[in-house]
1. Could you calculate, for region 168-228, the ratio of the Cα radius of gyration to the Kirkwood radius, expressed as Rg to Rh?
2. Report the residue, chosen from A17, A171, A301, that carries the largest GNM mean-square fluctuation when the chain is represented by alpha-carbon nodes joined by springs under 10 Å.
3. From the square roots a ≥ b ≥ c of the eigenvalues of the alpha-carbon gyration tensor of region 160-301, which class results: rounded (a/c under 1.5), prolate (a/b over b/c), or oblate?
4. I want to verify a result. In a Gaussian network model of the chain, Cα cutoff 10 Å, which of these has the top mean-square fluctuation: G232, G218, G173?
5. Can you give the relative contact order of region 256-299 as a percent, counting alpha carbon pairs under 8 Å and 6+ residues apart?
6. For the chain, what is the calculated [θ] at 222 nm in deg cm²/dmol (nearest 500), taking -39500 (n - 2.57) for each run of four or more DSSP H residues and dividing by its residue count?
7. Order these by the 10 Å Cβ neighbour count, fewest first: R65, R45, R206.
8. Rounded if a/c is under 1.5, else prolate if a/b is larger than b/c, else oblate: which is region 59-197, with a ≥ b ≥ c the root eigenvalues of its Cα gyration tensor?
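Rule-based calculations on the coordinates, nothing more; no lab input. What you see is a predicted model, and the numbers here were worked out from it, not measured in a lab. Note: ideal-geometry Cβ built from the backbone for every residue, glycine included; neighbour counts use all protein chains shown.
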Amino acid sequence: MSNAGAVSTSPSSSAGAPAEMAWIPGGVFRMGSERHYPEERPVHRALVDSFWMDRYLVTNEQFSRFVEATSYVTFAERLPDPADYPGALPEMLYAGSMVFTKPTGPVDRSQIGHWWSYMKGADWRHPYGPSSSLAGLERYPVVHVAYCDAEAYAAWAGKELPTEAEWEFAARGGLDGATYAWGEEFMPGAKLMANTWQGEFPWQNRVEDGYEGTSPIGQFPENGYGLFDMIGNVWEWTTDWYHPGHEGDAPKACCVPRNPRGAAREASYDPRQPEIKIPRKVLKGGSHLCAPNYCRRYRPAARFPEPVDTSTCHVGFRCIIRSPGG
Ligand SMILES: [Ca+2]
Ligand SMILES: [Ca+2]
Ligand SMILES: [Cu+2]
């Protein structure tokens, strides 16, 4: 691991530690990967200052407390404003969210409509659709949260959302440059280290990790910084605008970017849909829907663009607290 250039020491005592948060000792690290998807390139050095990070994903129980205290209404529960969606059919403008449904057999994997549907009445309280509820899901990660919902929760909790660099640094757990959050092997000792998908996505889920969908927080080993479920379970929102690649490595150590904050908002629009100007944030960590035959994004370097107005059954978040002056 490379901690040369660390800019902050750990707190003098653990007495001041915020509840269920881990201290992430900042430093220089190698961000990105050359060996996987093109948007993860190039590997380049980045410096992040120290911060506190939630050890667990934000749960339904925690999100409920926020909603009770503030009467907050999530994006998926609001009726879409037609002005935001020019050309959309009126019958498509209803409150809802994206839900995964497993097809009964093999399908054309280039058509995500075979397993994703925008479901009326799906929201954080009804994760599988209007007839579902949160009963028994108190300790599961909250899902169907759009970016603004994660931001609102963080502000209420006196916290913030991480940048992509902060998130990736934390996910690496001190194993600088490693492929996985736990080392070089996907299944060390034949053990599944995160809630992902085993079998042929999207129709065959062998559930070898014990979970068909999301899992309660903390069911898989923590990483080197004491963080759970960074990889798998649900994707996590970061504050960075997405761009399909990273800046090049700094030519000299002096010029390594400190606390980089991603691309410009305008750069994050989807080039395949030029008429739609909905900016996209970087998601990190992969989810229970990441499978070897389809989406190998169960790695710290992996990233995915998510429009800010999109909520789904496999995206959640966790928060951080930046150290004062950091
Ligand atoms: Ca699983
Ligand atoms: Ca995760
Ligand atoms: Cu994936």
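1. Details: Rg = 12.6 Å, Rh = 12.7 Å.
With Rg and the Kirkwood Rh in hand, the quotient comes to 0.99.
2. The residue that fluctuates most here is A17.
3. Taking the square roots of the gyration eigenvalues as a ≥ b ≥ c, region 160-301 is oblate.
4. With Cα springs under 10 Å in the chain, the top fluctuation among G232, G218, G173 is at G218.
5. On the way: 26 pairs, mean separation 10.4, N = 44.
The normalised contact order for region 256-299 reaches 24 percent.
6. Computed ellipticity for the chain at 222 nm equals -2500 deg cm²/dmol.
7. Working: R65 14, R45 18, R206 10.
Going from least to most buried by this count: R206, R65, R45.
8. On the way: a/c = 1.81, a/b = 1.29, b/c = 1.40.
Oblate is the answer for region 59-197, as a/c is 1.5 or above yet b/c matches or exceeds a/b.
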